[in-house]
Amino acid sequence: MQVSIACTDHNLKRGNGDHSKQSATSPNVVNQARAKFRTVAIIARSFGSFTPRHISLKESTGKHTGMKYRNLGKSGLRVSCLGLGTWVTFGGQITDEVAEKLMTIAYESGVNLFDTAEVYAGGRAEIILGNIIKKKCWRRSSLVITTKLYWGGKAETERGLSRKHIIEEIVRAMTYVINQGMAMYWGTSRWTAMEIMEAYSVARQFNLIPPVCEQAEYHLFQREKVEVQLPELYHKIGVGAMTWSPLACGIITGKYENGIPESSRASMKSYQWLKEKIVSEDGRKQQAKLKELNHIAEKLGCTLPQLAVAWCLRNEGVSSVLLGTSNPEQLTENLGAIQVLPKMTSHVVSEIDHILGNRPYSKKDYRS
């Protein structure tokens, strides 16, 4: 199956570094389509069904790996509840050899979702990802590969979401991509709830294909969109959540507690927003809360990153959580959140909410 997800440029100033990429020059149909649309899209392709009839449509567990699988929104596409992202790492912080190790660990642990984007490392992340899949001879039907399109090149016609930058054009573009066999589904990334509803309405009005999921930031300190807005869209139009940054770009791991290492993404000029967030008053308060949360992790017999990832997974509205990692040990640790998930009882979640000072969202918050 194939999936595509479209994105807007909302709040992109937080990380507005050099997003240029060499323009695609191959005359094949795929590159022609990408040159036309430049949609920030997540494209996932496979050639087999992810939903055998005997499997529950809600959640299933891999017999050999323990990985859990969920439907992407209300679509029939089955994705692992944990996926591997390539932002900053592939083609950047890590070597190709380390990237292969990470993908191998993830794949052998039951991960079938791998996320990238045409702008990551100027296009190298996509190439590295493809080369590894080819080298490992993994069945293409066993994978869901996602890529995002928006910053194609420096020319005005090489970037954006559509030829005319309006929602009707985006929906038509993604419908064309699906009809041409380049994708089986499409969704959005960093769109507002209003924009997603408008896209759905346009799709229904003109007999086009509506989005099935939204890719959104979600972690202990960022939760309203995923816990309030997206559940409403799920119940109304079937849009699910694919979330990223479960460790708040490294803040939850404590890696910035003693300053910002030169090798970290926070030291990069394009991530000035992250540096400011870390040293801000709110950032210092968050660090204090994390120390309290670490006591809960110790009682559960897990690490703080595992607790944070399991906290994201405990939300049944989340189809998959994308992990970002730069070494095998970190990835293995984060994948261990699967074993922590059963321990995320209502009592533990309430205790976490109390420390964070958050009012837990209830079902009534989801109703329109």
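The values are calculated or read from the model by the stated rules, or taken from the named source; none is laboratory data. In this text, all values refer to a predicted model and were calculated from it rather than measured experimentally. Cβ sites come from the backbone with ideal geometry, for glycine too, and all protein chains shown count toward neighbours. These area figures cover heavy atoms from the full protein model, side chains too; ligands, DNA and RNA do not enter into them. Shrake-Rupley method; radii C 1.70, N 1.55, O 1.52, S 1.80 Å.
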Subject >> the range 246-261 residues that are in a loop (DSSP other than H, G, I, E, B), paired with ones that are at pLDDT 70 or above and β-branched (Val, Ile, Thr) (beta carbon under 6 Å, 6 or more apart) >> reply: Pro246/Val309; Pro246/Val321; Leu247/Thr253
**OP:** Consider Ala183 carefully, then state whether it is assigned to a helix (DSSP H, G or I), open to solvent by less than 60 Å² (accessible area, probe 1.4 Å) and either out of contact with any strand residue (DSSP E or B) (no Cβ under 6 Å at 6 or more places or on another chain) or within 22 Å of Val79 (Cα to Cα) (or both).
**Re:** no
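Residue by residue through the range 213-227, note down the ones that are open to solvent by 30 Å² or more (accessible area, probe 1.4 Å) and assigned to a helix (DSSP H, G or I). I'd like the intermediate steps shown before the answer.
Taking the range 213-227 first, the residues open to solvent by 30 Å² or more (accessible area, probe 1.4 Å) are 221-222, 224-225.
The answer is Glu224, Lys225.
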**OP:** Among the residues of the range 325-346, count how many are of a type outside the set (D, E, K, R) and surrounded by fewer than 22 Cβ atoms within 10 Å (Cβ to Cβ).
**Re:** 12
**OP:** Quick one: count up the residues across the range 69-116 that are touching a Leu at 6+ places or on another chain (Cβ under 7 Å), open to solvent by 10 Å² or more (accessible area, probe 1.4 Å) and more than 30 Å from Gly238 (Cβ to Cβ).
**Re:** 1
Subject >> Any hit, the range 125-133, residues being of a type outside the set (S, T, N, Q), in contact with an Asp or Glu (Cβ under 6 Å, 6 or more places away or on another chain) and free of Cβ contacts under 8 Å to residues at least 60 places away in the same chain >> reply: yes
Subject >> Some residue of the range 54-68 being at pLDDT 95 or above and aliphatic (A, V, I, L, M) >> reply: yes
Subject >> Hits in the range 355-368 (condition: in a helix (DSSP H, G or I), out of contact with any Lys or Arg (no Cβ under 9 Å at 6 or more places or on another chain) and either surrounded by 14 or more Cβ atoms within 10 Å (Cβ to Cβ) or at pLDDT 95 or above (or both)) >> reply: Asp365, Tyr366
Subject >> Filter result for Gly66 (touching a helix residue (DSSP H, G or I) at 6+ places or on another chain (Cβ under 6 Å) and of a type outside the set (A, V, I, L, M)) >> reply: yes
Original post:
If Asn207 satisfies every condition in (1) over 27 Å from Leu143 (Cα atoms); (2) in a helix (DSSP H, G or I); (3) modelled with pLDDT of 90 or more but one, which is the exception?
Top reply: (2)
Subject >> Count of residues meeting criterion [closer than 13 Å to Lys343 by Cβ and part of a helix (DSSP H, G or I)] in the range 286-316 >> reply: 11
Subject >> Of residues in the range 112-149 being at pLDDT below 95, polar (S, T, N, Q) and not in a loop (DSSP other than H, G, I, E, B), the one nearest to Thr89 (Cα to Cα) >> reply: Thr146
